[in-house]
Every structure is written in C-alpha cells, then in structure tokens.
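Reviewing the structure listed below.
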Amino acid sequence: MVFQIQKVSNYGTATPAVARTFYQGCELLGFFAVTGEQQREDAKGVLRELQRHLVRCIELRDAIAHEVAAAHEEIKAKGFQFQSAGRVVTLPSVPDLQSRAESFLQSTKLAIRETALLVKPFYGEKLDHRFHKFATWSEEQFGPDDAFTQAVREWEPWVKNVVDMRNAVDHPDDKPGGRLITQNFTLGGTPEAPRLVNPTWGLSGQPQQPIVTEMSELIEGIIELGEEILAGLFYKLKHNFSLVIYEIPAEERDPLCPTRLRVGFAPNTEHA
C-alpha cells in the first residue's frame with residue numbers, strides 16, 4: 001500500500017472563503033438537533049461544494065488582480081508608449097477577459113445554488129439559485145413574518161442581479177441588460193497626465209464597474225449569504241439550549257482560520 005499525498009488547492013483555511021464555509025459551517029452543524037448523522041454529512045457535502053465554487057471565483061479574481069497590478073507597475077516603470085504624434089498608444093491587457101468573466105459568473109451562480117441546497121438535508125426541499133422560489137417555499141414552511149423567510153426575501157434582489165449577469169452569458173439578447181460587456185484597459189486622464197483605467201464589466205446599457213472590485217464584492221456577498229442561511233437553519237434546528245450565534249470582530253479573527261461566526265450561550269442564561 002502506497003499512501004498518496006496530493007495538494008488539491010492553493011487556498012487553505014487562511015482564506016475567508018474556506019474558513020467561513022466548510023470549517024465554520026461544521027461547527028454550526030454540530031449544534032443541530034437532527035434525527036441522523038447523515039443529515040449533517042449531507043450538509044457538509046453542500047458546504048464543500050460551496051467552498052469549491054467560491055475558491056474557483058477567487059482563483060479567477062486573483063489572477064486578474066495580479067495582471068492588473070503588473071500592468072500598473074509596467075506603466076509606472078516605462079510610461080505610456082505613444083506613436084504617430086500621440087495619436088496611437090500601446091496599452092497592456094488582461095488576456096481572455098471576457099471568457100474569464102463568464103467563467104467567474106458561472107461559478108457564482110453555482111455557489112448561490114449551493115447556499116440554497118443547505119435546506120435539503122433537513123427539510124427535503126431541493127432549492128437552487130431561483131430565490132423567488134426559495135422565498136415562496138420558506139413562506140409556506142415557516143410563514144411570511146418568519147425571520148428566515150424575511151432574510152431570504154431580502155437577499156432575493158441581490159441574488160437576481162448576480163444570476164441576471166450569468167444569464168446574459170447563457171442567453172444573450174440585444175435588449176438593455178441582455179449581454180455581458182467587458183472592457184479591457186483604457187486610457188484616461190488628459191494628454192498631459194494620462195492614466196491607465198482598469199478593466200470593467202457590466203450588462204449592456206448599464207454603467208460599467210471595475211471588474212476586480214466587483215468580483216471581490218460578489219465573493220464576499222456569497223460567503224455572507226451562505227452564513228445567513230446556515231445561521232437561520234441553526235436557530236430552527238439547534239438543540240433546546242439557550243444558544244446564540246455571535247459575530248467575531250474582524251480584528252479578533254484568527255488569521256490562520258478567520259471564521260466570522262461562533263456559538264455561545266445567550267446572555268443572562270444559566271449554564272454549567
């Protein structure tokens with residue numbers, strides 16, 4: 001028997017998308033009062049998939065961010081290369097920007113689906129990225145005024161915006177908002193003080209946004225979405241103890257595994 005050791009990812013627990021999905025989720029799941037251990041194991045499987053899709057998003061974002069930073073360093077060192085009496089300029093580029101943006105959005109859509117699938121091990125309902133259906137199910141299951149239902153409703157427009165970007169790739173249309181548009185580096189500033197404008201993206205007919213910044217915001221948003229859904233399930237399925245979820249202040253998080261949520265006793269409760 002030969003034991004095989006392989007590195008499967010460049011991102012470990014120091015990455016928030018890793019620490020705050022599978023590792024943090026396993027701690028929360030430990031407090032769920034479930035009928036069988038398989039429910040927890042199934043939920044862990046969903047968290048692993050959520051983590052996998054988020055790591056793919058991070059890989060794509062980090063690669064583009066690295067190339068953007070390198071381009072600025074090159075311009076800083078060499079300046080802009082103008083030709084034809086200043087009428088032509090050579091600019092750096094992020095290769096395959098459109099394809100990489102499309103791949104990123106595919107992974108965001110898959111990650112959002114996994115956040116909804118956290119419900120399935122405990123309630124048997126197979127939900128996905130269509131959060132309007134998720135909200136309808138929650139309303140029927142728990143009521144319109146339930147905190148979990150309200151949380152899903154609040155996330156619904158944000159999720160729709162993300163999914164619309166991916167759908168513009170899968171089903172492009174010439175109507176406003178029907179296509180994903182990416183723009184590589186452009187020249188900004190003035191002739192006397194030119195500057196390099198970073199790559200952007202957006203739906204057709206809508207304002208373009210810096211792609212690296214928005215990718216980072218989408219990654220953080222999906223992490224928070226998964227946390228909120230799992231925390232909502234925690235309060236419905238935890239053991240009959242006075243337990244609550246606390247947020248760890250950012251400055252107190254372990255840099256080696258920066259989880260954000262922890263479980264503790266509620267204030268003013270007696271415990272051993």
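The values are calculated or read from the model by the stated rules, or taken from the named source; none is laboratory data. In this text, all values refer to a predicted model and were calculated from it rather than measured experimentally. Neighbour counts are summed over all protein chains in view; Cβ atoms, including those assigned to glycine, are modelled from backbone coordinates with ideal geometry. These area figures cover heavy atoms from the full protein model, side chains too; ligands, DNA and RNA do not enter into them. Shrake-Rupley method; radii C 1.70, N 1.55, O 1.52, S 1.80 Å.
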* Asked: In segment 156-177, which residues are among the small types (Gly, Ala, Ser) and at pLDDT 95 or above?
  -> Ala168
* Pick from Gly177, Gly143, Gly202: which is free of Cβ contacts under 8 Å to residues at least 24 places away in the same chain, over 26 Å from Leu233 (Cα atoms) and open to solvent by less than 70 Å² (accessible area, probe 1.4 Å)? -> Gly202
* Mind checking whether some residue in segment 19-37 is over 26 Å from Arg253 (Cα atoms), open to solvent by 60 Å² or more (accessible area, probe 1.4 Å), in contact with a Lys or Arg (Cβ under 8 Å, 6 or more places away or on another chain) and not polar (S, T, N, Q)? -> no
* **Candidate set: segment 187-199, residues that are within 18 Å of Phe82 (Cβ to Cβ) and surrounded by 14 or more Cβ atoms within 10 Å (Cβ to Cβ); chosen: the one modelled with the lowest pLDDT** => Pro194
* Structure fact -> Exactly one of Ser107, Ser103 is at pLDDT 95 or above, open to solvent by less than 60 Å² (accessible area, probe 1.4 Å) and touching a Cys at 6+ places or on another chain (Cβ under 7 Å), and that one is Ser107
* Looking for whichever is of a type outside the set (Gly, Ala, Ser), surrounded by 15 or more Cβ atoms within 10 Å (Cβ to Cβ) and at pLDDT 95 or above here; the options are Leu233, Leu256. Which one fits? => Leu233
* Asked: In segment 128-185, what residues are assigned to a helix (DSSP H, G or I) and among the hydroxyl-bearing types (Ser, Thr, Tyr)?
  -> Thr136, Ser138, Thr149
